[in-house]
Amino acid sequence: MELNNKILIVDDQVGAVGWLEDWLEWRGYDVEILTNEEDARAALNAVQKKEAAYALAILDVMLPSRPIKEIEAYDAAFFESSMNTGIRLCTYAREELGLGEQQLPIVCLTARQDDEVEIALKALGIPLFKRSNEEIRGFLVVHLPRLG
């Protein structure tokens, strides 16, 4: 059985996850980076329809709902809708699309320091990392075999 070598990263701060992309590629994975909820939902739908497959999805908790170029104003409404995007995506994947851990393992990253995120993701059975490079790297070493 051939291992899936694709990793999906959904994060609007591409520079902040550049180290992760490089590290995953060094370990033999192909990385696809998306930067907003709309594109991430399309990728999740493709997984559900078996048009795409990923060994893992790594989602940022806070990111825009639409591509940045389509956003008209960075106002309170924009920031409010961006606060829980990753939670919405995880809920969409697990509860609406029915993508279980076997079909799509998911982990989340966040800079937020509140309990809301931890509680929501724990209820979905999704690990959360608080932007700790060593912490996520340790998790990935255990859960993603080195390829090639």
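Read the figures in this text as sums done on the coordinates, not as results from a lab. The structure presented is a predicted model; accordingly, all values stated were derived computationally and were not measured. Here the Cβ positions follow ideal geometry from the backbone for every residue, glycine too, while neighbour counts run over all protein chains shown.
Given all pairs of different Cα atoms, what value in angstroms does the Kirkwood hydrodynamic radius of the chain take?
Working: mean 1/r = 0.0641 Å⁻¹.
By the Kirkwood definition, the hydrodynamic radius is 15.6 Å.
By how many nm would the segment from E38 to W26 lengthen if fully extended, with 0.36 nm per residue of separation less the alpha-carbon distance? Mind showing how you got there, number by number?
On the way: separation 12, 0.36 × 12 = 4.32 nm, distance 2.86 nm.
Value of the extension gain: 1.5 nm.
What 222 nm value per residue comes from the helices of the chain, counting each DSSP H run with n ≥ 4 as -39,500 (n - 2.57) and dividing by all residues, nearest 500 deg cm²/dmol?
Working: 6 runs with 56 residues, N = 148.
About -11000 deg cm²/dmol.
Taking the Cβ of each residue in F129, F139 as the centre, tally the other Cβ atoms inside 10 Å and list the residues starting with the fewest. Before the final figure, lay out the partial values.
Details: F129 18, F139 15.
Placing the least packed residue first, the sequence is F139, F129.
Based on alpha-carbon centroids, what's the gap between the stretch 89-123 and the stretch 37-60 in Å, whole number please?
Value for the Cα centre distance between the two parts: 13 Å.
For the residues D115, D39, D60, what sequence is obtained by ranking on other C-beta atoms within 10 Å, fewest first?
Numbers: D115 9, D39 15, D60 23.
The fewest-first ordering by Cβ neighbours comes to D115, D39, D60.
Take K6, K122 and order them by how many other Cβ atoms sit within 10 Å, fewest up front. Each step should come with its number before you reach the end.
Numbers: K6 15, K122 12.
Taking fewest neighbouring Cβ atoms as first place, the list is K122, K6.
Which of the three applies to the stretch 80-142, rounded, prolate or oblate, going by the alpha-carbon gyration tensor with a ≥ b ≥ c and a/c under 1.5 meaning rounded?
Oblate.
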